[in-house]
1. Got the relative contact order for the range B:5-68 handy, in percent, Cα pairs under 8 Å and 6 or more residues apart?
2. List, shortest first and in nm to one decimal, how far the label point of residue B:50 (7 Å from Cα along Cα→Cβ) is from its counterparts in the other copies.
3. Which value results when the Cα radius of gyration for the range A:104-143 is divided by 2.2 N^0.38 Å?
4. Using only Cα atoms, tell me the angle between helix B:5-18 and the longest principal axis of chain B; keep it within 0 to 90° and round to the nearest 10.
5. Could you please point out the chain A residue with its Cβ nearest to the axis of the rotation taking chain A onto chain B, and the distance in whole angstrom?
6. Angle, helix B:42-54 long axis vs. longest principal axis of chain B, Cα atoms, 0 to 90°, nearest 10?
7. When only alpha-carbon atoms count, how far does the range B:5-68 stretch along each of its three principal axes, as whole angstroms with the largest first?
8. Considering the protein assembly as shown, what Rg and Dmax in Å follow from its alpha-carbon atoms?
DNA sequence: TGTATTTACTTGTATATACAAGCTAGGATT
DNA sequence: AATCCTAGCTTGTATATACAAGTAAATACA
């Protein structure tokens, strides 16, 4: 047998979800309907649906049906949580200062990271996220204008870039790099720290189905920030 | 049906693996044998074996049989890889200096982290891991003597503590905290860095089935160390 | 002796069937 | 009109069966 029938059914379903034809939370055909469609037994159709459920692609509930799950809702995507939510969850005051929101030309490393040509236009934003008025994260972000054309029209004091990007280009993957660094003078001023203070820097690249969405550098004062949880590589 | 039959079979298998009765890489009964043992059909026994395989507990191969997989081999356990392997994989020279290997009394925070009484004896080791002769990680580790009684008799120039601990107390979980810090003077000397150099500090607690095995503080010079990969929380 | 081949086991795929259990909507009863 | 409850869908569990395909050891053959 070239490829098993249940695998074909899985591919069929995945293709429809990735193309956007079947949207998040929408209902997918029942086991019996899939069985009829593919001219197979219910158990074979069931296997496809069950395995995709195990993979987190679908969600099922007895009596109701099978539905398309949120893309990467709680898994690796939320790896590094939205800083605004994290602060609010602690019951502390959250505020943002927007320092930049412009278009600029991609330098070589940025172009490579975003999969663009060197010198091509990219959107650029710099924000400082504060907890109780104290700077906790400096977010410097380069965004692919082809995938997010309206980035510059947003008001990031109302919604963090991460939230906005999640909406317009559902994220499918993220890669991070962690480093201890000294902030440059400019950033030291914005973070209100001394030159001697070490910072935790997170480089974050995020993907959607269509390519690299953004490249972000998140800098945190070591004295105010700690990252905890499970790490998987 | 109280608990489904396939779930009972899974529990039976898991219990045998966790008790150590079925060792890593050893063969487990075939589908037909399990079916006979539990007086069920092959398909039901098969389901238990298949699901445990999906969970990474078992490994199967057609024609050969089903085997107990390595405990957490590649998953969250190897989150932060063995630094010795990482250096060797880069094709660079690896060396260690052992600075401490003694018994000491648990301070309050260490006792809490290890689940012991304050002042009770704990094993303590300090190592410096070097790449091409350059210090890359200072490993300060507190070990629960109840779970690893022979820790002080080891020679950690031959085998890293992590490797040894994995052998004597198979790890089931690990939790990490990441922070950017300034090393104290003592550690600065051992890492051969300037006072101004930021360091990436990883606090790592590891569990086995019987409790907290060890509490480690891993300090890396920011200029020489970068942590990459997927982070999940 | 050395090489095929068979045999017996394993897991993998697929089907037809049965009943259990959860949910919803519409119809019967009160 | 409000309530119950049944009919018809859904997924969940379980079985019996069949054949495909991979592995290894025993067997037959040259």
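The numbers here are math on the coordinates, done by the rules we state, and not lab data. Since the model is a prediction, treat every value here as computed from it, not as a measurement. Here the Cβ positions follow ideal geometry from the backbone for every residue, glycine too, while neighbour counts run over all protein chains shown.
1. That works out to 40 percent.
2. Computed spacing set for this position: 0.5 nm.
3. Against the compact-globule rule of thumb, the ratio is 1.48.
4. For B:5-18 against chain B, the angle is about 40 degrees.
5. Per the A/B rotation axis, the closest residue of A reads A:198, 1.
6. Here the helix axis deviates by roughly 10 degrees.
7. Sorted largest first, the three principal extents are 27, 26, 19 Å.
8. In order Rg, Dmax, the Cα atoms of the protein assembly as shown give 25.8, 73 Å.
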